[in-house]
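See structure below.
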Amino acid sequence: QVQLVESGGGLVQPGGSLRLSCAASGSILSIYSMAWYRQAPGKQRELVAAISDGGSTDYADSVKGRFTISRDNAKNTVYLQMSSLKPEDTAVYYCFADVITRGASAPYDYWGQGTQVTVSS
């Protein structure tokens, strides 16, 4: 079993910054891709940013140039540095990881519980 625990959400004014963290723990053999998704009220969950185990990154057009995803493989942790935040960035942010656990023959998708980010003056 794998647990993903997010931290770093909160209330921030427009133009401000926040850094989200997500630490994976459990019987982990290897983590492939990690990502951040978000879901605003009344909207579908959308991909914000993703990072491969090799460090390749991908971003939603709406956050390019403002958000940076990174990971620390030694700590099984993924980060999302968010800058120049806008009210439309308000959402619950979810961590995702594609993980092979010890004894498993294939990777499995795991999700965090979500952390609220609110951008408002």
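The values are calculated or read from the model by the stated rules, or taken from the named source; none is laboratory data. Note that the coordinates shown come from a computational prediction; the quantities given were computed from them, not determined experimentally. Cβ placement follows ideal geometry from the backbone for every residue including glycine, while neighbour counts extend to all protein chains displayed. Areas reflect the complete protein model, heavy atoms only, side chains present, ligands, DNA and RNA absent. Shrake-Rupley method; radii C 1.70, N 1.55, O 1.52, S 1.80 Å.
General observations
- Percent carbon-and-sulfur accessible area, the chain, ignoring ligands, DNA and RNA, probe 1.4 Å: 46 percent
- Environment charge of GLN116, counting only residues whose C-beta is closer than 13 Å and scoring Lys/Arg +1, Asp/Glu -1: -1
- A 1.4 Å probe run over the protein chains yields, for the stretch 22-121, 51 Å² of accessible area per residue, whole-number rounding.
- For a label point 7 Å along the Cα-to-beta-carbon line of THR118, residues of the stretch 2-30 with backbone N under 11 Å: 10-12
- Whole-Hz Karplus values for the stretch 60-74 come out as 5, 4, 5, 10, 4, x, 10, 10, 9, 9, 8, 8, 10, 5, 5 Hz, taken residue by residue from phi with 6.51 cos²θ - 1.76 cosθ + 1.60 and θ = phi - 60°; glycine and proline positions read x.
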